[in-house]
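Engineer: Take a look at this one; I'll ask things after.
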Amino acid sequence: MKSTKYSKKVLEHFRNPRNVGTLEGDDVAIGRVGNPVCGDLMEIYIKVKDDVIEDIKFKTFGCGSAIATSSMITELAKGKTLDEALKITRQDVADELEGLPPIKMHCSNLAADALHDAIKNYREGRKLEPVVDVPAKPCAIPESREIIGLEKFLGKGVYFTYGNLEEFRDKRVLVIENGEPSIELAIKLTEVTGRVIFMTPLKRILASSELKTKLKMSDVKVLVEGELIEVLGDNTVEKVKVHDLNEDTEYELFVDAVIIP
Amino acid sequence: MGKTIYLDYQASKPVDSRVVEAMLPYFTEKFANASSLHTDGDIATDALEESRQKIAEFINSQNPREIIFTSGATESNNLAIIGYALRNRRKGNHIIISEIEHISIHNIAKYLQKNGFEVSKVPVDFYGTVHPDKVQEKIRDDTILISIQYANNEIGTIQPVAEIGEIARERGIVYHCDAVAAEGIIPIDVVRDKIDLLTLSSNDIYGPRGLGVLYVRTGVMLTPIIIGGGQERGLRSGTEDIASIVGMAKAAEIVQETMEIERKRLTELRDYLIKNILEKIPKSYLNGHPKNRLPHNAHFRFDYIEGESLLLSLKDEGISIATGSACTSKTLEPSHTLISIGLLHEEAHGSLVVTMGRYTTREDIDKLIKVLPKIVEKLRKLSPLAD
């Protein structure tokens with residue numbers, strides 16, 4: 001079966017998703033699952049009154065089935081008690097949508113998990129901030145481990161200091177976070193190259209709101225929750241290995257230069 | 001559903017009606033086996049050899065014997081790389097490919113690695129260009145083969161083929177070039193570009209599917225990977241599909257006549273599309289080289305949205321189009337091409353590949369320009385990643 005061969009019901013929910021949006025208030029809890037790196041990120045907002053889900057909204061980044069399952073779960077959960085809502089399974093969502101392609105059953109059928117997460121957060125009184133526009137707050141910086149290959153490529157793609165920005169002209173540059181000067185450096189680099197990635201192990205950028213706005217307006221690509229673990233290449237840097245701290249997975253990123261200010 | 005707007009020419013092209021017409025007699029009255037010695041067999045043999053001659057001219061091969069018919073580009077790539085590596089192992093054990101090769105080349109290289117060969121991959125820049133000096137860096141004393149594509153099938157970047165050919169020839173290394181993405185729109189010349197092995201596909205020049213060609217320069221020795229009755233100089237056994245071969249030759253003939261005009265027309269259409277999309281959609285980007293790219297290819301990415309959602313929405317508008325998103329692949333991995341140019345996974349997920357062709361009109365492109373900004377806006381409203 002093709003991965004995009006969807007039922008009529010899935011397509012209908014994809015085209016006209018129900019309950020899109022966010023909710024606010026003391027009686028609202030958020031559930032979040034997925035990771036944009038994997039192509040799916042889902043947020044479910046529930047507003048609870050007398051143990052009943054009075055209102056529910058969602059925001060989803062993902063493929064057709066990710067959007068359809070989010071939409072469907074909001075319909076299934078609305079008006080249910082928290083206990084009833086906890087009983088809704090991934091299979092229920094898929095069944096209500098007249099089935100999902102087998103390959104999508106796992107990866108894009110996360111809506112039930114997001115709902116359960118929201119209920120859990122509500123019961124534990126946990127306030128989860130939405131992904132968008134969250135005020136900066138410090139979070140635990142993961143223990144750093146030794147980065148493999150730094151010495152081998154020193155001056156051949158790895159830089160701790162930088163003299164002339166021209167050295168980076170038209171190169172793909174990865175700047176590793178180290179306070180506000182590193183953000184300023186990343187922004188400055190966009191004058192000489194179209195590809196600057198700024199990577200931080202944190203969940204979000206810590207900086208003055210002025211600098212954050214400047215970063216957002218710039219052409220710098222920001223990568224959060226990423227940790228540099230290895231620099232690879234033959235004679236010069238060809239790529240790096242990144243540890244995705246959220247998913248606890250590793251992946252390769254092709255760059256020409258790494259700056260660790 | 002009415003007629004769709006087809007913008008996925010890299011995946012499949014319609015067979016030209018003139019090609020179908022040329023093929024038809026070879027299914028019925030001219031049906032014989034080219035290996036047969038009777039008069040009917042001679043008719044088939046003549047058709048086969050005339051076609052071989054036309055294909056040879058198409059890529060400026062000096063001798064039609066250098067043209068080997070296969071079942072398609074994938075088989076041609078297998079025959080070129082596995083066939084050459086196995087036959088020439090005593091010369092060396094090392095093969096070079098680029099990070100941006102077609103998936104078949106990557107998997108063939110993996111197969112050879114499992115069988116004791118060593119493979120180096122040349123990195124590309126952000127535009128997807130393989131730099132000749134980087135190829136030079138990977139060459140070792142035991143390098144026997146370099147396989148680098150003519151142009152990239154996904155992001156459309158054209159490679160410095162002549163320079164790579166020069167380097168390979170100088171070092172006595174055989175150069176294989178997968179020309180499938182470029183054939184029919186860029187004039188190919190195996191002599192000028194010093195190419196030793198070249199892969200072609202019939203469908204990519206509006207010929208029938210299920211047929212490919214491997215050009216094998218005189219003097220380059222291969223081991224066959226399909227063993228049988230010894231057709232195609234023993235390099236590719238199996239009764240030749242004369243109808244398809246005649247069809248491909250006809251397709252090559254048509255393409256040669258129209259290439260100049262088509263290239264100009266599609267380049268204008270492509271630049272018009274790119275300009276409009278990048279202007280009308282915020283946070284949209286072009287993947288691949290801005291200028292040095294295939295005339296029929298425009299590859300975009302859009303922040304905060306996922307490619308399959310885009311594809312489905314465009315499907316609702318009657319537009320057939322492709323994405324590099326993992327959600328549409330068999331492995332759920334994002335395109336290795338997009339990763340090799342340095343994109344992050346989430347960026348690769350939000351890509352859209354427009355490939356135009358012979359029947360693409362200005363109206364088709366105008367429709368895309370009209371609907372795409374609205375679709376992107378709608379999907380961004382749903383996305384927790386957008387502001």
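The values are calculated or read from the model by the stated rules, or taken from the named source; none is laboratory data. What you see is a predicted model; the values in this text were computed from it and never measured. A quick note on method: Cβ atoms are made from the backbone with ideal geometry, for glycine too, and the neighbour counts reach across all protein chains shown.
Engineer: Quick one: would you say A:Ile46 is more than 27 Å from A:Val222 (Cα to Cα), assigned to a strand (DSSP E or B), touching a Leu at 6+ places or on another chain (Cβ under 9 Å) and more than 10 Å from chain B (Cβ to nearest Cβ)?
Structural biologist: Values: more than 27 Å from A:Val222 (Cα to Cα): yes; assigned to a strand (DSSP E or B): yes; touching a Leu at 6+ places or on another chain (Cβ under 9 Å): yes; more than 10 Å from chain B (Cβ to nearest Cβ): yes.
Spelling it out, A:Ile46 is indeed more than 27 Å from A:Val222 (Cα to Cα), assigned to a strand (DSSP E or B), touching a Leu at 6+ places or on another chain (Cβ under 9 Å) and more than 10 Å from chain B (Cβ to nearest Cβ).
Residue-by-condition table, conditions (1) away from every other protein chain (no Cβ under 14 Å); (2) farther than 22 Å from B:Ala348 by Cβ:
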residue	(1), (2)
A:Leu11	no, yes
A:Thr22	no, yes
A:Asp26	yes, yes
A:Asp40	no, no
A:Gly62	no, no
A:Gly79	yes, yes
A:Leu86	yes, yes
A:Ala94	yes, yes
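Engineer: Condition check: basic (Lys, Arg), part of a helix (DSSP H, G or I) and in the same structural domain as B:His106 (by TED's automatic domain parsing). Does B:Arg192 satisfy that? Quick ask: steps written out before the conclusion?
Structural biologist: On the way: basic (Lys, Arg): yes; part of a helix (DSSP H, G or I): no; in the same structural domain as B:His106 (by TED's automatic domain parsing): yes.
For B:Arg192, the condition - basic (Lys, Arg), part of a helix (DSSP H, G or I) and in the same structural domain as B:His106 (by TED's automatic domain parsing) - is not met.
Engineer: Determine whether A:Thr161 is modelled with pLDDT of 90 or more, closer than 30 Å to B:Glu137 by Cα, assigned to a loop (DSSP other than H, G, I, E, B) and of a type outside the set (A, V, I, L, M).
Structural biologist: In short, no.
Engineer: When you check B:Thr143 against the structure, is it within 14 Å of another protein chain (Cβ to nearest Cβ) and surrounded by fewer than 24 Cβ atoms within 10 Å (Cβ to Cβ), yes or no? Steps first, answer last, please.
Structural biologist: Values: within 14 Å of another protein chain (Cβ to nearest Cβ): yes; surrounded by fewer than 24 Cβ atoms within 10 Å (Cβ to Cβ): yes.
Criteria met by B:Thr143.
Engineer: What's the number of the condition B:Ala168 fails, among (1) of a type outside the set (Ser, Thr, Tyr); (2) surrounded by fewer than 19 Cβ atoms within 10 Å (Cβ to Cβ); (3) at pLDDT 95 or above?
Structural biologist: Among (1) of a type outside the set (Ser, Thr, Tyr); (2) surrounded by fewer than 19 Cβ atoms within 10 Å (Cβ to Cβ); (3) at pLDDT 95 or above, the lone unmet condition for B:Ala168 is (2).
Engineer: List, please: which pairs have Cβ atoms under 8 Å, are six or more places apart or on different chains, and start with a residue in segment A:158-169 that is free of Cβ contacts under 8 Å to residues at least 40 places away in the same chain and end with one that is in a loop (DSSP other than H, G, I, E, B)?
Structural biologist: A:Leu165/A:Glu191; A:Leu165/A:Val192; A:Glu166/A:Val192; A:Arg169/A:Val192; A:Arg169/A:Thr193
Engineer: Does any residue of segment B:225-232 turn out to be closer than 24 Å to B:Arg263 by Cβ, small (Gly, Ala, Ser) and touching a residue at least 24 places away in the same chain (Cβ under 8 Å)?
Structural biologist: Just the residues of segment B:225-232 that are closer than 24 Å to B:Arg263 by Cβ, to begin with: none.
The answer is no, given that none of the residues of segment B:225-232 is closer than 24 Å to B:Arg263 by Cβ, small (Gly, Ala, Ser) and touching a residue at least 24 places away in the same chain (Cβ under 8 Å).
Engineer: Counting only residues that are more than 10 Å from every other protein chain (Cβ to nearest Cβ) and farther than 22 Å from A:Leu253 by Cβ, give me the helices (runs of 4 or more DSSP H) lying completely in segment B:273-387 with at least 1 of them. First the steps, then the outcome.
Structural biologist: On the way: elements: B:307-316, B:336-340, B:345-349, B:362-382.
Ranges flagged: B:307-316, B:362-382.
Engineer: In segment B:1-21, what residues are acidic (Asp, Glu) and either loosely packed, with under 14 Cβ neighbours inside 10 Å or not in a strand (DSSP E or B) (or both)? Steps first, answer last, please.
Structural biologist: Looking only at segment B:1-21, we keep the residues that are acidic (Asp, Glu), and these are B:8, B:16, B:21.
Passing the criteria: B:Asp16, B:Glu21.
Engineer: Tally up the residues in segment A:234-261 that are facing another protein chain (nearest Cβ under 9 Å) and out of contact with any strand residue (DSSP E or B) (no Cβ under 7 Å at 6 or more places or on another chain), please.
Structural biologist: Of the residues in that region, 3 qualify.
Engineer: Let me ask you something else. Identify all residues within segment A:98-120 that are under 13 Å from A:Ser70 (Cα atoms) and more than 14 Å from chain B (Cβ to nearest Cβ); write none if there are none.
Structural biologist: A:Ala112, A:Asp113, A:Leu115, A:His116
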